[in-house]
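What follows is a short report on a single structure.
Readers should treat all values here as calculations from the given coordinates under stated rules, not as data from a laboratory. No experiment lies behind these values; they were computed from the predicted model shown. Here the Cβ positions follow ideal geometry from the backbone for every residue, glycine too, while neighbour counts run over all protein chains shown.
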Amino acid sequence: MVLCMKLYDVYIDEEKCIGCGNCIVCCPEIDLEEIESGYLTKMELKNGIIAIKKKFCTGCGNCLKFCPRNAITIR
Amino acid sequence: MIVTDVVCPFCGCLCDDLVIEVDNNEIKTVRNACRLGASKFLKHKKNRKKKPIIKENGEKKEVDFDYAIDKAVKLLKNSTRCLLYGFSSTSNEAIEYGVKIAELLRGYIDNTSTVCHGPSVVSYQTVGYPSCTLGDVKNRADLIIYWGCNPLNAHPRHLSRYTLYPRGLFTERGFLDRKLIVIDVRETDTAKIATKFLRIEPNKDYELVSAMRSILNGLDIQQDTIAGIKRDEIYEIVDMMKSCRYGVLFFGMGLTQTYGRDRTIDNAISLVIDLNRYTKFSIMMMRGHYNVTGSNQVFAWLSGFPYAVDFTRGYPRYNPGETSAVDVLSNKEVDSALIIAADPVSNFPKEAIRHLLSIPYINVDPFYNLSSKYAKIYIPTKIVGVEVEGTAYRMDNIPIRLRKVIENEDLPSDEEVLKEIYERLIEDEIVIKERYSI
Ligand code: SF4
Ligand code: SF4
Ligand code: SF4
């Protein structure tokens, strides 16, 4: 039997995110090496980016629950 | 160039896993930091000056470092009583020279804990401080309590690095293995993610702590609500505390600065001591500025007292409320001041600011802030942890060496400025003879 699971993309609103890292450390699926930059966050002078944008999110909702700023949307 | 293992010189968490990309002595990206920490690196050029500024005959002018330090030494030498204040955002090495200057001049010296965790410091001298390191919390704690603090705003990575989420030796499943209790007067961001949130009435912390201790000591609670919290909820929380394997109580200004002050903290520490009859429990202050813990440590190892030290009699005395910065200023007991890495003009009570603005003072700070604006002599310095190395203490009293990320040839460090002031004062034998009546 093949178990088919829908995978999601995670989007972070850069304006709202404070870079606390909660969404990354609470994620059961995340593997830092597989995140775009390999780090928790990446910030530049003009824009702050928290680096999770992934194709293997199972939609467990942990990160949504623990983000203090409601900066995350999962599509 | 990539600089790894950089320590963030912003809050008491002192996160030491930052990775910074530097190109041509410019900071390009900061990785792993929260927004607060990252901005300290990325915006390090904001509000900086390249030369000291002196106010003479009502006019401000830029001068060179030698002249500014000379003027500062003259000002301190000719004053009867000076106050040294600040030290929470500089290195231990600079603080050491601060204490030496205060002793030499027979002045007062105080750090910023006088307006934040001062009462907590007084308490742990009274009843002890059953604490632990953040490493212990990460590896062992299964119950985290935040009382009167909101780390998600003030110490954003505290939960993800040390308390709620990390997977430790005995907490392998991270947040699944832990419970979080938040006690606060309002529903903060941290409270929103808590397992249990207790909204306490303002200034009623002492009552709640006493109620918890009563239950622990086998007494029954008669009232329906205490401090705005239902009786059953208090029993539930005490049960959670008793039944955990390792609990840690983190407390902030919301507990320290409420009615009762050091007495409330005495009581909270005693609660933790009581809890140790049932399980392992620790308590820790949430320190704000990155090296305010270090200023307590260095003051204590050099003078025996952690803050509000009075050298006016030639030996160290300590009586917070009388010898603390706000009080010596409000009582007009000093006629000059040396402010290092702090901004008292923007956060002291009105009475203290009024006197500070009426006396000539020197400000040594990397950033040109409100206190620098009104200083007679302003001396800019390098930012510790960005432009110069130094040692700082994390909130759990662990010393950590801060790294240098970029070069800044134009400015001296806080340590160099204070060392120079100290050495020039020492050279002046008249000062020592006069002050110590040799
Ligand atoms: S929803 Fe769950 S799996 Fe997806 S990113 Fe958030 S924590 Fe990870
Ligand atoms: S939890 Fe929210 S605020 Fe924190 S790093 Fe993730 S997106 Fe940003
Ligand atoms: S939590 Fe504090 S020490 Fe850590 S990166 Fe943020 S500001 Fe810096």
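As an exercise, take the mean of 1/r over every pair of distinct alpha carbons in region B:210-322, invert it, and state the Kirkwood radius in angstroms. Roughly 16.6 Å, rounded to one decimal.
Taken one residue at a time, the phi angles of region B:310-320 give Karplus couplings (6.51, -1.76, 1.60, θ = phi - 60°) of 10, 9, 5, 8, x, 9, x, 10, 8, 8, x Hz. Gly and Pro are set to x.
Could you tell me what fraction of 2.2 N^0.38 Å the Cα radius of gyration of the protein assembly as shown comes to, as a two-decimal ratio?
1.04
For the protein assembly as shown, a simple Cβ point-charge model (Lys and Arg +1, Asp and Glu -1, everything else neutral) yields a dipole of about 900 debye relative to the Cα centre. Taking every residue in B:23-36 and counting other chain Cβ atoms within 10 Å of its Cβ, the average works out to 5. Couplings 3J(HN,Hα) of region B:11-24, computed from phi: 10, x, 6, 6, 3, 10, 10, 6, 10, 10, 9, 10, 10, 6 Hz, in residue order, whole Hz [Karplus 6.51 cos²θ - 1.76 cosθ + 1.60, θ = phi - 60°; x for Gly and Pro]. For region B:354-376 versus region B:32-54, the spacing of their alpha-carbon centroids is 19 Å.
Highest mean packing first, where packing is the average number of other Cβ atoms within 10 Å per residue, the peptides B:159-166, B:337-344 line up as B:337-344, B:159-166. In this structure the amide hydrogen of B:Leu338, modeled in the peptide plane, comes within under 5 Å of the amide hydrogens of B:Leu83, B:Leu84, B:Tyr85, B:Ile362, none closer than 5 places in sequence on its chain. Can you give the net charge of the other residues whose Cβ lies under 12 Å from the Cβ of A:Arg69, counting K and R as +1 and D and E as -1? Counting the neighbours of A:Arg69, the net charge comes to -1.
Just for chain B, what percent of DSSP beta bridges are antiparallel, to the closest 5?
Percentage antiparallel, nearest 5: 40.
Ranking B:Gly254, B:Val238, B:Ser303 by how far each Cα lies toward the positive end of the dipole of region B:229-321 (charges on Cβ) leaves B:Ser303 at the top. Under Stokes-Einstein, with the Kirkwood radius over Cα pairs as Rh, the value for region B:33-177 at 4 °C and 1.567 mPa s is 65 µm²/s. Volume per residue of the convex hull around the Cα atoms, evaluated for chain B, comes out as 139 Å³.
The three principal axes of the C-alpha atoms in region B:118-285 carry coordinate ranges of 40, 32, 30 Å, sorted with the longest axis first. Couplings for region B:152-168, taken from phi via the Karplus curve 6.51 cos²θ - 1.76 cosθ + 1.60 with θ = phi - 60°, read 5, 9, 9, 9, x, 9, 4, 6, 7, 9, 10, 10, 7, 8, x, 8, x Hz in order; Gly and Pro are left as x. Comparing B:Pro156, B:Ala68, B:Leu356 along the charge dipole axis of the protein assembly as shown, the residue lying farthest to the positive side is B:Pro156, per the Cβ-charge model.
Restricting attention to region B:287-438, close to 40% of DSSP beta bridges with both partner residues there are antiparallel.
Adding -39500 (n - 2.57) for every DSSP H run of four residues or longer, then dividing by how many residues chain B holds, sets the calculated 222 nm ellipticity at -10500 deg cm²/dmol.
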